[in-house]
Amino acid sequence: MMVGCQTVSRQRAADPVELRQQAQDAMRQGEYFKARKLTEQVLRQSPQEEEASKLMASILEREIAQQKEAFEERPFEKSQAESEEEIKTLLERSREMFRAKQYEEAMVTAEKVFAYDAENRQASELVDEIRKQVFAEGKQNEVFLKGMYRDEARERIVRYRKKAGQLMDSGQWGAAKLTVEKILLLAPGDKDATRQYEQIKQREALNS
């Protein structure tokens, strides 16, 4: 009986590599909440896994960027009851727009919830669902998906590149390496970032 239970347990245990791949796919499609939950499963199984930790950092950064836009238009302070009512209204409005296939409007409306509750689970799941449908219909080039795309991604690369150079100049090689890795996550073929990464690896080898 014990053997049978152990077999079932092993069958149900998710493969960390597969989970990490699913999380990366979800992140690429902008489904950050789903990506975070999948990565959390990997880290529960292997808390020290470096790749999963880096992936989680990247996902959180993108979620923060997504929520930052909502906070830039943060409403005046309201009571908890007023905030909860506003959240309910925004979610209902977003779902109606989603059903009507007004994807961009649905996305913007759902993200406004983060101005009231940065960790709102319903809004996070709804944003993921909208993004998933947009990609499923092949409309990602027609719908302006907010977050880490296009101009914002380029702007972040410029900032990361400048920061990495400053960290390298001050000898903070570990922090510089993490910063360059962020660039490579956004632009895997970036020649300058690749060159910086090789320089950092050589310096780390000398210091080891």
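Couple of notes before you dig in:
- Full extension of the chain between Lys201 and Glu125 yields a length gain of 23.5 nm, computed as 0.36 nm times the residue separation minus the alpha carbon distance.
- Taking a straight Cα-Cα cut-off under 20 Å and skipping sequence neighbours fewer than 8 places away in the same chain, the lysines within cross-link reach of Lys54 are Lys34, Lys37, Lys163, Lys177, Lys182, Lys201.
- Largest-first principal axis extents, alpha carbons of segment 13-68, Å: 34, 19, 13
- FRET efficiency for the pair Ala81 and Gln102, taken as 1/(1 + (r/R0)^6) with r the Cβ-Cβ distance and R0 = 22 Å, rounds to 0.15.
- Full-extension gain in nm, Gln21 to Gln172, via 0.36 nm per residue minus C-alpha separation: 51.3 nm
- Principal semi-axes in Å for segment 75-136 [√(5λ), Cα gyration tensor, largest first]: 22, 11, 8
Values quoted throughout were computed directly from the atomic coordinates according to the rules given, and no laboratory measurement underlies them. Treat the numbers as computed from the prediction; the structure is a model and nothing was measured. Cβ sites come from the backbone with ideal geometry, for glycine too, and all protein chains shown count toward neighbours.
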